[in-house]
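Peer 1: There's a structure below that I have some questions on.
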Amino acid sequence: MNRTTLSLIAGATALAAVTGFAVLSAPDPTAAEDGVEAAAAHLPVERTSLLCPTPSTSDLAETTYTSFTPVTKGAEGEGRAELRSAVEGRSAAEDAKDGEGEKDADGEETAEDGEKDADGEKVTDGEKTEKTEKAEKPVLEPKEPGKPVVADVSGGEGPALVGTAEGRLAPGWTVQQTTEVAAGTGRGLQGVNCAPPDTEFWFPGASTALERTDYVHLTNPDDSAAVVDIEVYGEDGALETEAGEGITVQPHSAEPVLLSTLTDEQQTNVTVHVIVRSGRIGAAVQALDATLGGDWLAASADPAGSLVLPGIPEDAIAVRLVAFSPGGVDADLKVRLASPSGLITPAGNETVHVKGGRTTAVELGDVMRGEAGSLVLTPTDRSVPVVAAVRVLRGKDGNQESAFVPAARPVGLRATAAGNTAKGSTLAVTAPEGAAKVKVTASAGSEGGDPVSETYTIKAGTTQHIELPAPDGVKGTYALTIEPESDGTPVYASRTLAVTDDGLPAFTVQTLPDDRGLVAVPKAEENLSVLQK
């Protein structure tokens, strides 16, 4: 058997392994005649990883984790998912590296079998202490798709978490982390979607100002150390950040880096660039203000010539746009608001000039004027990649809260938002380029209720705040899935959670990109003639 034949067999075997199913049959002659290339099939993913940053250091913090996996066609059989402390994973890796304990002359294990308690001390006779058992228990462990699972953590000692889902629980697995802080710096509602690890992140809208305490949270889920660089760009370009080079994040650990320790310059608006030299990490910025509350600043969508920032609340009293052009080339952007009635150009802020390599901030004021909407940024002439985010303020003087809306990725095939409640949850959907239909499904509640679906039409250039189809008899929290039904028309979405506490309009906004539940697998045609070559 020659090498060509062996290579073909290996290729067919690899394809079968990817798709999970392979059938040998005669080629369809009509396909060749039509000359139409076979379209890719979308199959459920079999494994998903998520990272949740350390929620808070405040003793007054109350954090809720909500897990949800939508029911996905084709994802059958068994599955498992769990959310655990990142530090616990490091302890397990160190134990494995150290070996399984001491052995006698015959190679048998002694009473010290290598197990350790939560303080790192060995546990004899294979017995685990109560502390160890508590440490090894997952924070959250869903059992089935279609139903949310909730876990609560009190105080400021909640760790960063690492999550893994497999089998039928993997496609679209989503975890929402929401923290309510009663008082102090950053008081209010702080929310973030736990995200998969990556190697590069952009955060326009961070700050090194005296009134702000911004942390860059780095979480390493792997068994080897990650090396990370943090670059900071202000209004005049890159800031000197010697301490930001070559930051080592140990295996299975989380590293909060106080942004103001990386530079002596105090600037209200900066752009943070996180680059991973080796390994992979999760990254998010926790932006805490002394008087204006705080929230998580999630990474902006990848640099692009056109950006959409969806779901700015209708009662926003101040909106600040922060943009950055990473290529060193100036960008001129047209600024428009996708309102419920169509695209509007805000008076006085028709365009914004972004100097290459410099952070640009524009105060848009009360641009919403009582109507919810989304910012749409497009090039005025040539297209130059940029990243962007807005900081949003709600409330009155002395009782204000802030949140961030970064530029979003499109919904794609499906997006999922967990942690919704019967009151205080709002879904915003925008279709900047053309009319679109979206199917919105509300899941069963975490404590009961039946799922329900509705289909909505989003007019071209508009943003619609959707009255959520709350599940019948809902109890507890529920999840939303958004599925576009218009091929080729991009749709963007975000979800706002709001709570009023003693007059404080606390809120947080999460953009809703594709939930990565399905992966495209190319369809292949047989061509047995290659075996004769």
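The values are calculated or read from the model by the stated rules, or taken from the named source; none is laboratory data. This structure is a prediction, so every number in the text was calculated from the model and none was measured. Note: ideal-geometry Cβ built from the backbone for every residue, glycine included; neighbour counts use all protein chains shown. Accessible surface is based on the protein model in full, side chains and every heavy atom, while ligands, DNA and RNA are left aside. Shrake-Rupley method; radii C 1.70, N 1.55, O 1.52, S 1.80 Å.
Peer 1: Report, by residue number, each residue of segment 370-385 that is in contact with a Ser or Thr (Cβ under 9 Å, 6 or more places away or on another chain) and closer than 16 Å to Arg320 by Cα. Please lay out each step first, then the result.
Peer 2: Here is the first cut: in segment 370-385, the residues in contact with a Ser or Thr (Cβ under 9 Å, 6 or more places away or on another chain) are 371-374, 376-380, 383-385.
The answer is Ala372, Gly373, Ser374, Val376, Leu377.
Peer 1: So, in segment 248-260, how many residues would count as being outside any strand (DSSP E or B) and under 21 Å from Glu200 (Cβ atoms)? Show your work before the answer.
Peer 2: The first filter runs over segment 248-260 and keeps only residues outside any strand (DSSP E or B), leaving 250-252, 259-260.
When the remaining residues are screened for being under 21 Å from Glu200 (Cβ atoms), the result is 250-251, 259.
Final tally of qualifying residues: 3.
Peer 1: While we're on this one: With respect to Ser453, determine if the residue is among the hydroxyl-bearing types (Ser, Thr, Tyr), more than 28 Å from Ala403 (Cα to Cα) and open to solvent by less than 40 Å² (accessible area, probe 1.4 Å).
Peer 2: Values: among the hydroxyl-bearing types (Ser, Thr, Tyr): yes; more than 28 Å from Ala403 (Cα to Cα): yes; open to solvent by less than 40 Å² (accessible area, probe 1.4 Å): no.
Here the answer is no, as Ser453 does not meet what is asked.
Peer 1: Could you list all residues from segment 284-300 that are open to solvent by 10 Å² or more (accessible area, probe 1.4 Å) and not in a strand (DSSP E or B)?
Peer 2: Of everything in segment 284-300, those that are open to solvent by 10 Å² or more (accessible area, probe 1.4 Å) and not in a strand (DSSP E or B) turn out to be Ala290, Thr291, Leu292, Ala298, Ala299.
Peer 1: Suppose we keep only residues that are open to solvent by 20 Å² or more (accessible area, probe 1.4 Å) and closer than 22 Å to Trp173 by Cβ within segment 459-495. Which one would you say is farthest from the chain's Cα centre (by Cα)? Working first, answer last.
Peer 2: Filtering segment 459-495 down to residues open to solvent by 20 Å² or more (accessible area, probe 1.4 Å) leaves 459-460, 464-465, 467-468, 470, 472-477, 483-490, 492.
With the extra rule that they be closer than 22 Å to Trp173 by Cβ, the set shrinks to 468, 474, 476-477, 483-484, 492.
Details: Leu468: 22, Val474: 26, Gly476: 23, Thr477: 19, Glu483: 18, Pro484: 19, Tyr492: 14 Å.
That would be Val474.
Peer 1: Please return the ranges of strands (runs of 3 or more DSSP E) entirely within segment 328-396 where 1 or more residues are closer than 18 Å to Thr511 by Cα and touching a residue at least 40 places away in the same chain (Cβ under 8 Å). Before the answer, list the steps.
Peer 2: Numbers: elements: 331-339, 342-344, 351-354, 359-365, 373-379, 387-396.
It comes to 331-339, 373-379, 387-396.
Peer 1: Of the residues Gly327, Gly356, Gly348, which single one is open to solvent by less than 70 Å² (accessible area, probe 1.4 Å) and either touching a His at 6+ places or on another chain (Cβ under 6 Å) or on the phi > 0 side of the Ramachandran plot (or both)?
Peer 2: Numbers: Gly327 fails: either touching a His at 6+ places or on another chain (Cβ under 6 Å) or on the phi > 0 side of the Ramachandran plot (or both); Gly356 fails: either touching a His at 6+ places or on another chain (Cβ under 6 Å) or on the phi > 0 side of the Ramachandran plot (or both).
Only one candidate passes the filter, namely Gly348.
Peer 1: Quick one: in segment 374-405, which of the residues that are at pLDDT below 95 and closer than 20 Å to His353 by Cα is least open to solvent (accessible area, probe 1.4 Å)?
Peer 2: Across segment 374-405, the extreme among qualifying residues is Asp381.
Peer 1: Something else: Being part of a loop (DSSP other than H, G, I, E, B), open to solvent by 40 Å² or more (accessible area, probe 1.4 Å) and closer than 27 Å to Lys355 by Cα narrows it down to one residue among Thr213, Thr268, Thr263, Thr208; which is it? If you could, list the steps in order and put the result at the bottom.
Peer 2: Values: Thr213 fails: part of a loop (DSSP other than H, G, I, E, B); Thr263 fails: open to solvent by 40 Å² or more (accessible area, probe 1.4 Å); Thr208 fails: open to solvent by 40 Å² or more (accessible area, probe 1.4 Å).
Answer to the check: Thr268.
Peer 1: Name, by its number, the condition in (1) touching a residue at least 60 places away in the same chain (Cβ under 8 Å); (2) open to solvent by 10 Å² or more (accessible area, probe 1.4 Å) that does not hold for Ser224.
Peer 2: (1)
Peer 1: Of everything in segment 166-177, what is out of contact with any Asp or Glu (no Cβ under 6 Å at 6 or more places or on another chain) and more than 19 Å from Ser443 (Cα to Cα)? Give them in sequence order.
Peer 2: Glu166
Peer 1: Looking only at segment 227-256, which residues are surrounded by fewer than 15 Cβ atoms within 10 Å (Cβ to Cβ), in contact with a helix residue (DSSP H, G or I) (Cβ under 9 Å, 6 or more places away or on another chain) and of a type in the set (Gly, Ala, Ser)?
Peer 2: Across segment 227-256, the qualifying residue is only Ala243.
Peer 1: Do the conditions hold for Ala408, that is, is it modelled with pLDDT of 95 or more and within 28 Å of Gly184 (Cα to Cα)?
Peer 2: Details: modelled with pLDDT of 95 or more: yes; within 28 Å of Gly184 (Cα to Cα): no.
So Ala408 fails the test.
Peer 1: Which one of these does Leu297 not meet: (1) more than 17 Å from the chain's Cα centre (by Cα); (2) closer than 23 Å to Val362 by Cα; (3) among the aliphatic types (A, V, I, L, M)?
Peer 2: (1)
Peer 1: Ok, one more. When you scan segment 505-530, how many residues do you find that are at pLDDT 90 or above and in contact with a Leu (Cβ under 9 Å, 6 or more places away or on another chain)?
Peer 2: First pass over segment 505-530, keeping only residues at pLDDT 90 or above: 505-518.
If we keep only those that are in contact with a Leu (Cβ under 9 Å, 6 or more places away or on another chain) too, we end up with 506-512, 514-515, 517-518.
Number satisfying all stated conditions: 11.
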